[in-house]
Amino acid sequence: MAFDWIRRNRRSSDMPETELQKRPTSVRVGAPAYSIVDVETTGLSARRDRIIEIAVIRVDGNGLVVDEWSTRINPGVPIDPRASAVHGITDADVRHAPDFRQVFPEFASRVQGTEMVAHNITFDASFLAEEILRLDPNADVSGTGYCTLVLARAHNFDVPNYRLSTCAEAVGHRHDGAHSALGDARATVALWRAVRHLADETTEFDWGAAHRKQRHAASRPTPVDPHVHARRAKNIAARRAQLETATPLYSRLSRSLVAEALDEGAPETCLPYLQTLCDALADGVIDADEAQALTELIDTQEMTPDDVAACHGAVMRAMTFLALEDGVVSRDERAELADIAELLGVTKASVKRLLDSALEARHRAMGENLRPLPADWVLGEPLHVGDKVVFTGCDDHERDHLERRAKDSGVRVIGSVSRLTCMLITDDSFHGTKDARARELGLRRVAPGEFAIMLDYLQPAVPPPTARPARAR
């Protein structure tokens, strides 16, 4: 059984009762066969961080709940504010809670003789094993268990991702207590009932392997080198200082980068590594502590080089699409992408290919369901998604309206005329440097009313590898 080692390692200790221990939570319907476990922690590194909340729900062989138990734990170390932002538990919440040594006997008595079940079991098992090793460095933390994340994948759910809340909702469970240990454990119970019939077809997880490997293997190279980025730190700071109104790409990362990276193919089982990486990238600098935490996560999560590469590639793809949200990748955003690419071991050529493919995909999507040109079209070459246009003169209200329409449609409104410019929109009320440069290049000139019609009949993108020849009006 997964928890047989507890008989050998259990220590006698007084266990302060918690609220849930005092309160029966369900009627016993059969002998406990599985222990559904979830933990909340001070951070994402099992070696350095600690458990602050734990829940155990025991179920019988039919998946029916036998009982529930949960308690907060005083970790003895500060809680990372980034972790608090996820689970909502603060230092004050656990200040008077029992420590893990006090909690362990009760935990052990509940899970003894059962199989462990958790969603992304590598995370929960690694933290539990590390806490037990702190109590007894010679403890045997070998065992097995079932991962509902792995089983959900085997079930081939039609879901956008395999996060616990998404999978639980797919099986009809309303996940109200997300990121509380008991709430997540209840969601895992619902998911276990739906996928447990696949358990015999899935390899069991040896939850001691990560720690045996971690403690006896030679030191691994740091997956991201903080010194690489340190060389650029001053340039980044100077560049940010110059951005008075523009929002740097870095400042947008924390909002959605993890979810976007998962959608771009980052392995769900590497979520702790991915979250740590994205948190580190959000300020543009990976310091030595963050780099060490990432290295430890590779060990404890038993990530392969392919897993690390998949995470890094997914992050770069996600960042590229985030940079293109407004249809334009500025020089500063390109520089930021280049910085992070170097940090993650992605070549500059790969970044260019990512930008080109992302822009092509955006143009392709914006070019769908466009209206065909009418049979009596007389305005010459039509406007295409991705074309660059410049405004000069024009009524302010009309110009603002047309610029918004153009940007929303995928037409680039830029500030200066070049050989790559498609046309100049002007009412001939002002003849400045833009007008002079457009005449010099023989650039096509279009009145605001004509441009509005062209937007009505915008055509799909025509990718030009070089500058288009100037088009006469």
Separation of the H197 and A349 label points, Cα + 7 Å toward Cβ, nm: 5.1
Extension gain, R404 back to D158 (0.36 nm per residue minus Cα-Cα distance, nm): 84.9 nm
Region 109-185, accessible surface, carbon-and-sulfur percent (1.4 angstrom probe): 44
Amide hydrogen neighbours beyond the local backbone of H384, cut-off 5 Å, H modeled: Q459
Probe 1.4 Å, protein heavy atoms only - accessible area per residue of region 326-459 in square angstrom: 52
Extension gain (nm, one decimal) between Q292 and A335, 0.36 nm per residue minus Cα-Cα: 12.9 nm
Derived scalar couplings ³J(HN,Hα) [region 354-370; Karplus, 6.51 cos²θ - 1.76 cosθ + 1.60; whole Hz; x for Gly, Pro]: 4, 4, 4, 5, 5, 5, 4, 5, 5, 5, 5, 5, 6, x, 6, 6, 7
Per DSSP, loop trypsin sites (Lys or Arg not before Pro) in region 387-423 with at most 16 further Cβ within 10 Å: R419
Contour minus Cα-Cα distance for W377 and A309 (0.36 nm per residue): 19.4 nm
Cβ-Cβ FRET estimate between D93 and N62, R0 fixed at 41 Å, reported to 0.05: 0.70
Two-site label geometry, D136 and A85: point separation in nm, points 7 Å out along Cα→Cβ: 4.0
Region 314-394: GluC sites (Glu not before Pro) falling in loop per DSSP and having at most 15 other Cβ within 10 Å: E325, E368
Calculated FRET efficiency for the pair A365/I414, C-beta based, R₀ 22 Å, to 0.05: 0.55
Carbon/sulfur fraction of accessible area - region 281-417, other protein chains in place, 1.4 Å, %: 50
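The values are calculated or read from the model by the stated rules, or taken from the named source; none is laboratory data. Just so it is clear, the structure is predicted and the values come from calculations on it, not from any experiment. All Cβ positions, even for glycine, are placed from backbone atoms using ideal geometry, and neighbour counts span all protein chains on display. We work out accessible area using only protein heavy atoms, side chains counted, and drop any ligands, DNA or RNA first. Shrake-Rupley method; radii C 1.70, N 1.55, O 1.52, S 1.80 Å.
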